[in-house]
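We did not get these values from a lab; they are worked out from the coordinates using the rules stated. Every value quoted in this text rests on a predicted model; they were computed, and no experiment measured them. Methodologically, a virtual Cβ is constructed for each residue, glycine included, from the backbone with ideal geometry; neighbour enumeration extends over all protein chains shown.
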Amino acid sequence: MQKVSRFFQVFFKFLLIFFVVFIWVRYFVRTLWLAALISAGVTIVIDLISKIFSKRKNSSALTKKADREKAENCFLSLAMSSNALDFFFKLASSRHSCKKLSNCVLILHPESRILLFPKLSFYCLSPDDVAQIILSTKSHNPTKIVIVCHSFSKEAASFAKNFDFEILLLDEYDAYQKLYKNYEIFPEIKFSYKKDKRLAFKDLAMFSLNRSRAKGYFFSALILILSSLFVRASLYYAIVASVLVLLALISLYDPFSKNKTKSELL
């Protein structure tokens, strides 16, 4: 089913590019078959160029997407762990002299004292949370506090700048990039978010071909038919209008309605 969906996706993309190119070529080339041939050639060239650029872009996007998923699953696993502080102590002690406290890790440098404070809650960090962390760690005289959290508000980031020592806020993505990847130490993924599934072809058909959309297809076809009376590319308008009328007719019958199932709570 995924292969069928992918085929239609590629086919309609190619068809859309062809029609857009054909409109412009038809203005300059009067011979119909020659205009269609040139349009097909230009469409193939555009498609090849787009594939070259999309491969590079997709490669980078996939890497970023994979990192984002790992970052989210890392935070989820740490937040669901009963010994998350042990992980942060292991990470910090791999390079520094550290001491594990009740709620954070104290990193000792010759001229500074840094506190690594994991705030492993799923809500957005607020100024009140920052203030509470400062009060709870004040007795350790930190010169810097690094707070790992799920996310933080703009107000919290602004509030954190009001002190004479540095307060660094790391959301789940920054923590992954600046801590886990930098130290090459990652938490064990015991929990992971469920990945979103792509819509199957049947789902797309149910969404696109139903009675509620028949009227839209019909009026779109009517507009194209009227427009074809005033422009040269009348064949293009006739083809697309015919397709839209066909979609409207199919939608009226609502052929995929039998596949709709009622969801049950229990």
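Among R68, R26, which comes first, second and so on when ranked by fewest other beta-carbon atoms within 10 Å?
R68, R26
State, in angstrom, two size descriptors of segment 84-183 derived from its alpha carbons: Rg to one decimal place and Dmax to the nearest whole number.
Cα only, segment 84-183: 12.7, 35 Å (Rg, Dmax).
Give K119/K190; K100/K181; K100/K194; K65/K178; K99/K144; K90/K161 a once-over and call out the pairs whose C-alpha atoms are over 26 Å from each other.
K100/K194; K90/K161
Mind ranking 188-194, 127-133 by how tightly packed they are, going by the mean number of other C-beta atoms within 10 angstrom, highest first? The partial results should precede the final answer.
On the way: 188-194: 10.6, 127-133: 16.9.
Per-residue Cβ counts within 10 Å, averaged per peptide and sorted highest first, yield 127-133, 188-194.
Rounded to the nearest 0.05, what FRET efficiency do V10 and K64 have when you use their Cβ-Cβ distance and R0 = 25 Å?
Efficiency, rounded to the nearest 0.05: 0.55.
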